[in-house]
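The structure appears below as structure tokens.
Every read-out reported here was derived from the displayed coordinates using simple, explicitly stated rules and does not represent laboratory data. The model shown is predicted, which means the values in this text are computed figures rather than measured ones. Positions of Cβ are generated from backbone atoms using ideal geometry, with glycine treated the same way; all protein chains shown enter the neighbour counts.
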Amino acid sequence: MVTNLAHCSVRGPNRRQSPRHSPCRLFSRATGIVYRCTMTLRPFHLAFPVHDLNAARAFYGDVLGCREGRSSDRWIDFDLAGHQIVAHLDENARPAGASNAVDGHDVPVPHFGVVLTMPDWNKLAARVEQAGISFGIAPHIRFKGQPGEQATMFFRDPSGNALEFKAFADDAQLFATELAPKENAQ
């Protein structure tokens, strides 16, 4: 049985969440009913250190195209795809150097970013390349032909903070639960 819901806010172990403003399917094990809905997620807030506010303003504003919000001589609010990120001045900030292997690449830890639409992801990849920013992991397709297939790229801001931007041809794969066997990882 399929039931349509206009809007829903979903929480709980038997429910899946989808990206903001995206249709989703919810399956209730208790009733056996599949619900279709549209969900609206609230924006997240992330504060991170930078060693130079002017460099952060140029990078996040000019290169990434983030709208600037409030600011002071110690921090700047940016709108990153509808989410609030805040660059806080810390003259002694140093980037982390850890990484984890994912699909044949060393993924920097920690990192942050946004899931974009495929057209927006392609535009951002071109903007970053045109700005002369070095990719830590060049734009490519990860988990090709497998659950969770995604376009991804990694690069760092002027303070060394790692960012990842990704896109899915099928947004329903955002929380794919199957992992590829190690021998098939590329």
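3J(HN,Hα) along the stretch 164-177, derived from phi through the Karplus expression 6.51 cos²θ - 1.76 cosθ + 1.60 where θ = phi - 60°, amounts to 10, 10, 9, 8, 10, 5, 10, 4, 5, 8, 3, 10, 4, 9 Hz, with x in place of Gly and Pro. Ordering 128, 102 from the fewest to the most neighbouring beta carbons within 10 Å gives 102, 128. Annotation: amide H of residue 102 within the under-5 Å range of 107, sequence separation 5 or more or interchain, hydrogens built in the peptide plane.
Computed FRET efficiency, Cβ-Cβ of residue 130 and residue 67, R0 22 Å: what is it to the nearest 0.05? Computed FRET efficiency for residue 130 and residue 67 comes out at 0.65. Karplus-derived 3J(HN,Hα) values for the stretch 132-137, using 6.51 cos²θ - 1.76 cosθ + 1.60 with θ = phi - 60°, are x, 6, 7, 7, x, 9 Hz; glycine and proline are entered as x.
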